[in-house]
1. Amide H neighbours of Ile29 under 5 Å, at least 5 residues apart or on other chains, H built in the peptide plane: list them.
2. Starting from the Cα gyration tensor of the chain, multiply each eigenvalue by 5, take the square root, and state the resulting semi-axes largest first in whole Å.
3. Within 10 Å of each residue's Cβ, count the other Cβ atoms and sort Leu181, Leu201 from fewest upward.
4. So what are the ³J(HN,Hα) numbers for the range 91-106, from phi and the Karplus equation (6.51, -1.76, 1.60; θ = phi - 60°), rounded to whole Hz, Gly and Pro as x?
5. Quick one: angle between helix 275-292 and the longest Cα principal axis of the chain, in degrees between 0 and 90, rounded to 10, please.
6. Hey, rough spin-label estimate for Lys269 and Glu208, points 7 angstrom out along Cα→Cβ, what's it come to in nanometres?
7. Tilt of helix 2-23 relative to the longest C-alpha principal axis of the chain, in degrees (0 to 90, nearest 10)?
8. Going Cα to Cα from Lys75, which lysines come in below 24 Å? Please leave out same-chain ones fewer than 8 positions away.
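Every read-out reported here was derived from the displayed coordinates using simple, explicitly stated rules and does not represent laboratory data. Keep in mind the model is a prediction, meaning the values are calculated, not measured. With ideal geometry, Cβ positions are generated from the backbone for all residues, glycine too; neighbour counts draw on all protein chains shown.
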Amino acid sequence: MQFLSIIGVLFLAATASASDGASRGDSGIFGPPYENILRAQEALQVAYPELVTLHDYGTSYEGRRLQLLIAMKQKELPFSRTAIVMAGATHGNEYLHIEDRLPAELLRLANRESSVSKFLNAGGVLVFVPIVNPDGYERRSRFNARGVDLNRDWDVPPAGFKGFKERESAALSGALEQLRLQHGLRYAITVDYHCCAGALLTPWSYTEDDLPEPQLGHHRAIGALAHKDLGVTVGATGQVLGYTPTGTSKDYYFASYGALAFTYEGRFKTEESQMPGHLRWWEAMLDYSRENLFSETIQTAMSSLHGFNVDL
Ligand SMILES: [Zn+2]
């Protein structure tokens, strides 16, 4: 009996570390020096002065500038402006060479008839944070310079979990909250780029409990779009990865803002060739957002059901 239970424990441990390990794989995709990524963002501000603003929101432990890009048109709306957030390289070794190119690729469509221009003209807002963890990115590490996993450092109120002990995650959440208050934003969709499960993960991360409606249905709709354009598996974190981590940004965005919150897990070595699929998916998401998530009624329904949002 005792022998059997030891075998059982060993089996469980092996299963957990195998699935954990698979999801923590290095992407095998290498990008330019971080300074070049910052310079590319500055070039976008020069190219689109009426649309793009850059925000330096702090520094990493090793002193690298933390910077995000926000794209929006001047517009007065009677209710909150729907915003979509993209973040990448929270795990520095999971960079996909998608997250740093997407801002330029999407902005290229901003001044012509496209899903991007329709979204921006309707008052939509795009926030891009290509590299959340520049120290980890430069040293090709999952962790920040203090050896901490930043995707275990976000507040998750329903789990009673307090995060934001690290500079990079605390500064990003603070910057997003400041932008929300300054511009009257409602974070409707968030996408964090990671590697390498080839999947789109939905909340929750920390538990296998289902989401309530209407959020569940909206997550499934966005997931179906990702499956169509990128061929990825779609499911809750626990179902796809086989473990339930606490402290992920996805759970924070969902719990705090009622955002449809996703982790996009790219594919080892090959994801960077998928840019056309990512662009199609983003355009479909912008259309979906404009058609389904802009109205005040929907905004209220989406942010009040779960009861954890910061407005309460
Ligand atoms: Zn990751």
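1. When sequence neighbours closer than 5 places are left aside, the close amide H contacts are Lys269.
2. Numbers: eigenvalues 181, 104, 72 Å².
Semi-axes (√(5λ), whole Å): 30, 23, 19.
3. Listing Leu181, Leu201 from fewest to most nearby Cβ atoms yields Leu181, Leu201.
4. Karplus values, whole Hz, x for Gly and Pro: 9, x, 8, 10, 4, 10, 6, 9, 5, 8, 8, 4, x, 5, 5, 6.
5. Helix 275-292 sits at roughly 70 degrees to that axis.
6. Each label point lies 7 Å from its Cα, and together they span 3.3 nm.
7. Between helix and principal axis, roughly 20 degrees.
8. Partners within reach: Lys118.
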